[in-house]
Amino acid sequence: MSTPTQRRYVFGRHEPASHVIIHASDPHFLAGGAHLAGRYDVESNFARTLDAIRAVHDAPAAIVITGDLTDLGEPEAYRRLREAVEPVAAELGAVVVWVAGNHDERPALREGLLDLPPTLEPVTGVWDLDGLRLIALDTSVPGWHHGDLDEAQLSWLSEQLEHPAPLGTLLAMHHPPLPSHLPLFDILELQHQDELAAVIRGSDVRGILAGHLHYSSSGTFAGVPVSVASATCYTMNVARPAADVNGMDAAQSFQLVHVRPDTITHTVVPVTDAPTGDYFSEQWLEQMASLTPAERLDAFSRKPPR
């Protein structure tokens, strides 16, 4: 059954989205379903996230998970994550894009999620989503937690971008090319950002999807919007002073990415059981859709007389 989010109601000046993408990040799965740091039930939190993904859109083009898929790179942890995600993706008809993060181990990731030889080769890929190109980069550095893109991967990206895609390109990576609100993350920032900027500046790249920070953030890089999804496992309590921030088992979320001809929006979707009011039903939307633009303004925009 379609929900108001999934129906293509057009009440404003923008065309409907050509693509909807689910952007989640940092599940940090562990073997045996163990709790992260003995505290965070990452599998239960991720299961709730998947339930919310099912509810928010019934046919996304892709589910993109931007790194730290596991916490220790354990083969069984990748198996558990795959068994959780792939049935939901199949149900929704969505492509799954796995992105490597600093907590991942390339050999186990390649073998456990991609059915590829367990090598140290970067985990990269290109997907054609009906004219929208999605490119996954691998900013992980084996043995380290900071991010980097070496000359070979930058050269590969440059080759991919030589020919524009009909609807442009999205990049997916773990380490965002942005400064962090939290000083500790700048120690683990993405290196060789100037070289990356030189590759994407003037290309058809329309947006960058990233993770790593465990809180939602946004900015621009080389003139391209960057959207950082918060984590599904635990998040950073940014209500505290920046030098004193630590994790909390609350405020988990993912992002709903709507790609339109003229813009791309990133909506933070909280994963919560909080009660909500049912004010705008499907019936109400159908009623609005039956009206002319002037009638809709009169019905919904006009303030009642005092």
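Every number in this text was worked out from the coordinates using simple rules, so none of it is lab data. It should be emphasised that the depicted structure is a prediction, and the values quoted were computed from it without experimental measurement. Glycine also receives a Cβ, built like all others from the backbone with ideal geometry; neighbour counts cover every protein chain displayed.
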Computed over segment 23-73, the relative contact order (Cα-Cα under 8 Å, seq sep at least six) in percent reads 63
Rounded to two decimals, the Debye log10 I(q)/I(0) of segment 6-51 (Cα scatterers, no solvent) at q = 0.14, 0.18, 0.31 Å⁻¹ is -0.54, -0.65, -1.16
Kirkwood calc, segment 1-129, C-alpha pairs only, radius in angstrom 15.7
Ordered by number, the GluC sites (Glu not before Pro) in segment 132-232 that occupy a DSSP loop and have at most 16 other Cβ atoms within 10 Å are Glu162
Projected area averaged over all directions for the convex hull of the alpha carbon atoms of the chain, nm², comes out at 18.3
Quick shape check on segment 79-228: root eigenvalues a ≥ b ≥ c of the Cα gyration tensor, a/c under 1.5 is rounded, otherwise prolate if a/b tops b/c, else oblate, and it reads rounded
Note to self, the chain gives a 222 nm [θ] from helices alone (DSSP H runs n ≥ 4, -39500 (n - 2.57) apiece, / all residues, nearest 500) of -7500 deg cm²/dmol
Comparing Ala250, Ala152, Ala77 in a Gaussian network model of the chain (Cα, 10 Å), the one with the largest mean-square fluctuation is Ala152
